[in-house]
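The values are calculated or read from the model by the stated rules, or taken from the named source; none is laboratory data. Fair warning: this is a prediction, and the values are worked out from it, not measured in the lab. When we count neighbours, we look across all protein chains shown, and the Cβ atoms used for this are built from the backbone with ideal geometry, even at glycine.
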């Protein structure tokens with residue numbers, strides 16, 4: 001092989017290696033939970049490591065996660081959310097009427113008997 005061909009092969013190999021380098025693997029999303037509060041009020045929640053997604057009807061909120069030693073805490077301009085086991089404290093901006101909120105219990109599916 002000629003020296004020029006070797007450089008060309010080396011350059012191509014470097015480009016291909018960079019092109020097929022593994023991409024960052026996205027973290028799986030937490031399942032969406034239905035939160036039920038006093039008076040039949042409900043919202044959907046998808047908590048995450050960096051933020052929580054809250055859906056109240058057609059309204060979508062993204063609350064950044066904040067450090068807390070007492071619970072999972074999410075807070076931002078759109079409201080505050082605290083998760084402690086089954087208990088949920090939620091105050092969206094402009095609506096302090098969310099009381100006695102609870103996470104729905106998740107029941108694992110059972111496999112059919114053979």
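The table that follows gives values for the structure above.
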{"read-out": "Considering residues of region 28-40 that are closer than 23 Å to residue 95 by Cα and either in contact with a strand residue (DSSP E or B) (Cβ under 7 Å, 6 or more places away or on another chain) or in contact (Cβ under 8 Å) with a residue 60 or more places away in the chain (or both) only, the residue surrounded by the most Cβ atoms within 10 Å (Cβ to Cβ)", "value": "35"}
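Residue by residue, here is whether (1) over 18 Å from residue 46 (Cβ atoms); (2) at pLDDT 95 or above holds:
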residue: 83; (1), (2): no, yes
residue: 86; (1), (2): no, no
residue: 90; (1), (2): no, yes
residue: 97; (1), (2): yes, no
residue: 102; (1), (2): no, yes
residue: 105; (1), (2): no, no
